[in-house]
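The values are calculated or read from the model by the stated rules, or taken from the named source; none is laboratory data. The structure presented is a predicted model; accordingly, all values stated were derived computationally and were not measured. Neighbour counts are summed over all protein chains in view; Cβ atoms, including those assigned to glycine, are modelled from backbone coordinates with ideal geometry.
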There are 2 protein chains.
Amino acid sequence: MGLRELKRERTRRLISDKAFELFSDHGFGRTTVEQIAAAAEVGPSTLYRYFPTKETLVLEFVEDCLFDALGWFREQPADLDLPDGLQSVIERVLGQLERNPDRVRMVYELAGQTPSVSAHLAELIWRWRNELTVELAGRLAGDSVEFTAALAAGTTMNIIEIVVQTWVDNPDGTEVKDLALEAMGLLRGGGIPLPTVQA
Amino acid sequence: MGLRELKRERTRRLISDKAFELFSDHGFGRTTVEQIAAAAEVGPSTLYRYFPTKETLVLEFVEDCLFDALGWFREQPADLDLPDGLQSVIERVLGQLERNPDRVRMVYELAGQTPSVSAHLAELIWRWRNELTVELAGRLAGDSVEFTAALAAGTTMNIIEIVVQTWVDNPDGTEVKDLALEAMGLLRGGGIPLPTVQA
DNA sequence: GGCAAGATTGGTAGTAACTACCATATGGCC
DNA sequence: GGCCATATGGTAGTTACTACCAATCTTGCC
């Protein structure tokens with residue numbers, strides 16, 4: 001890799017770090033893009049080339065964690081056992097997120113304070129779930145493939161969201177991995193008041 | 001109710017209708033708020049008082065459908081059977097949405113074309129699911145109340161989303177009510193490849 | 001080393017969503 | 001008719017974001 005890519009990674013990282021610093025100090029709404037650009041010593045024009053929207057600055061890390069795991073899932077052999085595969089996806093996403101707990105917490109804090117951030121986070125999750133649904137549908141057979149895939153993808157994402165939420169809310173609680181196991185156990189054990197079928 | 005509220009409802013409706021008309025003709029991005037205000041013969045200032053953001057113009061109907069059903073659920077007696085209650089919530093949301101199919105379809109079309117609309121839609125859904133989670137948690141007892149409530153609320157919302165998506169994608173397909181039953185049946189029947197528990 | 005090609009950068013000008021604010025007009029009540 | 005609360009319209013300003021252009025820097029080639 002050449003010097004060009006190196007510098008690109010460096011400035012990208014620099015901008016991202018400065019942005020989190022300013023968001024952390026003054027809040028998302030009270031920080032302008034120009035301030036971030038000035039702090040990173042680049043022109044606003046350059047900043048926009050790296051991060052098309054202000055929210056991207058906050059959410060890129062989460063996006064990477066999610067789509068890395070999805071990429072892994074796509075590369076798995078066609079005869080992969082789906083329940084196992086989905087568990088691995090969950091573990092991979094959580095494992096990636098755990099590598100930077102402070103940033104995850106900050107993302108959730110910013111999302112809680114700023115509607116546009118939570119909107120983009122929700123959209124990111126929605127997009128990921130849709131792509132997982134497509135990938136799952138391609139690996140399923142029988143009736144109601146679309147339904148089944150969508151429900152499985154939705155449930156997978158639900159577990160991830162719930163575990164992360166619980167983890168963020170009380171940092172010194174149960175291990176993330178155990179939380180995931182607990183959630184999956186509840187689903188399997190039938191302890192959830194799922195909507196019933198009644199004609 | 002006085003003449004004041006009547007006029008308010010009327011202008012609100014007028015603005016909303018004109019907005020959908022313009023969005024439908026020229027797309028969301030190619031319609032400015034000022035154009036909508038001009039079409040509704042009100043000042044931009046007035047429009048912003050009714051609809052704080054451009055996206056609200058698109059999503060208010062869906063928001064009303066969702067939160068009406070949630071309001072109903074909140075009013076139910078404390079000893080309500082939760083699976084039955086959640087099924088009723090699903091039926092109520094779908095029933096409300098079905099009263100205006102064209103608008104639902106338009107919302108989905110606009111969301112598909114415009115990231116900011118899909119972001120706000122996703123955020124709306126996320127907010128609704130959170131409030132349902134809180135309501136459910138208050139009605140549950142035993143261990144892992146938070147987890148159980150979150151998983152149940154997530155599953156409920158998943159079913160709604162999947163049914164609406166399927167319904168919008170092929171308008172002449174199965175009845176909405178039957179789609180919901182099919183989704184719930186799949187969940188109950190264990191046909192979904194849920195993540196397994198493996199230590 | 002030097003040079004041409006292509007990529008990266010910074011700056012300028014402009015659009016449009018949204019906010020804060022104030023003067024005016026309108027409906028509700030005596 | 002007159003008073004009060006509320007709704008309205010307009011103005012000025014901030015800020016995210018886009019399109020575009022000139023200058024600078026990296027890279028591959030001679």
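A few notes on this one:
- Checking each residue in the stretch A:73-87 for being more than 9 Å from chain B (Cβ to nearest Cβ) and assigned to a helix (DSSP H, G or I) picks out A:73, A:74, A:75.
- Here the stretch A:42-55 is the region considered, the condition is being within 14 Å of chain B (Cβ to nearest Cβ) and part of a helix (DSSP H, G or I), and the residue that is farthest from DNA strand D (Cβ to nearest atom) is A:55.
- When A:115, A:171 are checked against the criterion of being in contact (Cβ under 8 Å) with a residue 60 or more places away in the chain and surrounded by fewer than 17 Cβ atoms within 10 Å (Cβ to Cβ), A:171 stands alone in meeting it.
- Entry remark, the stretch A:40-67: residues being among the charged types (D, E, K, R) and either over 20 Å from residue A:118 (Cα atoms) or within 12 Å of DNA strand C (Cβ to nearest atom) (or both) number 2 in total.
- Condition met for residue A:189 (over 19 Å from the mean Cα position of the chain (by Cα), more than 12 Å from chain B (Cβ to nearest Cβ) and within 26 Å of residue B:188 (Cα to Cα)): no
- Of all residues in the stretch A:42-63, those satisfying the criterion of being surrounded by 16 or more Cβ atoms within 10 Å (Cβ to Cβ) and among the aromatic types (Phe, Trp, Tyr) are A:50, A:51, A:61.
- Flag if residue A:94 is more than 30 Å from residue A:30 (Cα to Cα), assigned to a helix (DSSP H, G or I), modelled with pLDDT of 95 or more and at the interface with another protein chain (Cβ under 8 Å from one of its Cβ atoms): no
- Of all residues in the stretch A:12-39 being polar (S, T, N, Q) and under 19 Å from residue A:62 (Cα atoms), the one that is nearest to DNA strand C (Cβ to nearest atom): A:16
- Criterion (closer than 28 Å to residue A:193 by Cβ and touching a residue at least 12 places away in the same chain (Cβ under 8 Å)) met by exactly one of B:55, B:75, B:63, B:21: B:63
- Taken as a whole, the stretch B:128-149 holds no residue that is more than 25 Å from residue A:184 (Cα to Cα) and either modelled with pLDDT of 95 or more or more than 9 Å from chain A (Cβ to nearest Cβ) (or both).
- Any hit, the stretch B:115-129, residues being within 26 Å of residue B:60 (Cα to Cα) and over 15 Å from the mean Cα position of the chain (by Cα): yes
- Applying the criterion of being more than 13 Å from DNA strand D (Cβ to nearest atom) and part of a loop (DSSP other than H, G, I, E, B) to the residues of the stretch A:13-41, the residue that is surrounded by the fewest Cβ atoms within 10 Å (Cβ to Cβ) is A:41.
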